[in-house]
Amino acid sequence: MTLTRTAGAVETAPVVQNKGPQRRRARTAALPTAILLLGAIYCLLPVAWVVIAATKNNEQLFNTFTLSPDGALGSNIRALSDYAGGVYWHWMANTVLYAVGGALLSTVVSGLAGFALAKYSFRGRSLLFNLLLAGVMVPPVVLALPQYLLLAKFSLTDTYWSVLLPSILSPYGIYLARIYANAAVPDEVIESARVDGCPEGTLFARIAVPMMTPGLVTIFLFQFVAVWNNFLLPFIMLSDENKFPITVGLYTLLNRGSSAPALYSLVVTGSLLSILPLIILFLALQRYWRTDLASGAVKQ
C-alpha cells in the first residue's frame, strides 16, 4: 500500500503486485519435485513388487499375479525355514557376521586414519590423502580378483577371513572420517587436552570419538550396507555353502529354481527377509543424525 496526501487527508492507494516471477518460480520448482517423485517410484517399485510377490504361492506368482497381496507369506517363510535343514538362516547368520564384523573394524580403522589425517601434520599427508581419493574412484569389482590371488597365497580363501579382511579398509570411509574430524573436533580442544597431559590414545577415545559419533555411525551404516549387499567378493572367495552370505545363497537357490520352479517363491521370500535388517538398522541409527543436526543448529 502507498500513501497519497490530499488536502487535509491521507489516502491509501493499492499497489499492484507482479505475481509473474512467483508463478515462474513455482513452475521451476515443480520440475525437480517431479523428477524426485519419478526417482522414488523407480527405487520403491521393485521393493513393493517383492513385498507383494512374497505373499503368493508359485501358482499365483506365475499364473495369476496381481498387485493385491495374498495370504501365502507365512507358508512361504515356513517352507524357506525348512529348506535344506534351515540353511537360509545359516546364510543369514553368516551375513550378520560379515556385515557387523566388517563394518565395526572398518569404522575403527576409518576413524583412526581420518582423525590422524585431519589433526596431525606429517610428511606425505597430502599425497596419502590424494591416494585415498583415487582409491574411492576404483570400483570394487576391479579389486576382487587381485584380492583373491593375494589371499590364496596365504591359504585364506574359502574362510570367513577372506570376506572380512577386504572389508576392513574403506577409502571412502577414511575420507568421510577425515572430513568430519576436521569439522567436528576443534583444534583448541585438542591443544587443551595435550596441555593437561592427556595421552594421544585417550585423546582420541575420550574426546574425539564422542564428537565424531554421527560421522562414525554414518561410516558404519555405509560399510554395513556395502558388505550386506556384496555379492562378487564372497562369490569368488567361497566354495563352501555353509559359509555363504545371503546374496550368494539366494543366487544358488535361484539357479536351482531352473529345474525346480517351486524354489522361486522361496527366493522372493528370502529377498524380502534379507532387507528387513537394513531397515531396522537405519531406523535405529537415525537418532544420531537428528542429534547432530540439533547440535549444529544450537552452535549456529
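Would you please put 129-141, 49-61 in order of how densely packed they are, using the mean number of other Cβ atoms within 10 angstrom per residue and starting with the highest?
Numbers: 129-141: 11.9, 49-61: 17.7.
Ranked by mean Cβ neighbours within 10 Å, highest first: 49-61, 129-141.
Where does each of F222, F65 land when they are ordered by accessible area, with a 1.4 Å probe and the largest first?
F222, F65
Could you grab the relative contact order for the chain? Cα pairs under 8 Å, six or more apart, rounded to a whole percent.
Relative contact order of the chain: 25 percent.
Rounded to the nearest percent, how much of the accessible area of the chain (1.4 Å probe, protein heavy atoms only) is carbon and sulfur?
Using a 1.4 Å probe with all protein chains present, the chain comes out at 67 percent carbon and sulfur.
How large is the accessible surface of R256 in square angstrom, using a 1.4 angstrom probe and rounding to the nearest 10?
Rounded to the nearest 10, the figure is 90 Å².
D158: accessible area at probe 1.4 Å, nearest 10 Å²?
It works out to around 50 Å².
Rg to Rh for region 124-232: what is it, with Cα atoms only and Rh by Kirkwood?
Result: Rg/Rh = 1.06.
Normalised by the number of residues in region 146-300, what is the relative contact order in percent for Cα pairs under 8 Å and 6+ residues apart?
Relative contact order for region 146-300 comes out at 26 percent.
Over the chain, give the accessible area per residue in Å² for a 1.4 Å probe, as an integer.
So the chain comes to 61 Å² accessible per residue, rounded to a whole number.
Please give the calculated 222 nm ellipticity per residue for the chain, where each DSSP H segment of at least 4 residues contributes -39500 (n - 2.57) and the sum is spread over every residue; nearest 500 deg cm²/dmol? Walk me through the numbers before you get to the answer.
Numbers: 13 runs with 214 residues, N = 300.
-24000 deg cm²/dmol, from helical runs alone.
Ranking request for peptides 92-100, 273-281, 179-187: highest mean number of other beta-carbon atoms within 10 Å first, then the rest in descending order.
The densest-packed peptide leads the list: 92-100, 179-187, 273-281.
Name the aspartates and glutamates eligible as straight-distance cross-link partners of K243: C-alpha to C-alpha under 13 Å, and not fewer than 8 places from it in the same chain.
D158
By the gyration tensor of its Cα atoms, with a ≥ b ≥ c the square roots of the eigenvalues, what is the shape of region 143-300: rounded for a/c under 1.5, prolate for a/b over b/c, or oblate?
Oblate is the answer for region 143-300, as a/c is 1.5 or above yet b/c matches or exceeds a/b.
Applying a 10 Å radius around every beta-carbon, put 144-150, 170-176 in order of their mean neighbour count, most first.
Peptide ranking by packing, descending: 170-176, 144-150.
Which of rounded, prolate, oblate describes the chain, given a ≥ b ≥ c as roots of the alpha-carbon gyration tensor eigenvalues and a/c under 1.5 marking rounded, otherwise prolate only if a/b is larger than b/c? Walk me through the numbers on the way to the answer.
Working: a/c = 2.68, a/b = 1.24, b/c = 2.16.
Oblate shape, in that a/c is at least 1.5 and b/c is the bigger or equal ratio.
The values are calculated or read from the model by the stated rules, or taken from the named source; none is laboratory data. Predicted model, so just to flag it, every value in this text is computed and none were measured. Here the Cβ is made from the backbone with ideal geometry for all residues, glycine too, and neighbour counts use every protein chain on show. Note: accessible area is taken over every heavy atom of the protein model, side chains too, but ligands, DNA and RNA are not part of it. Shrake-Rupley method; radii C 1.70, N 1.55, O 1.52, S 1.80 Å.
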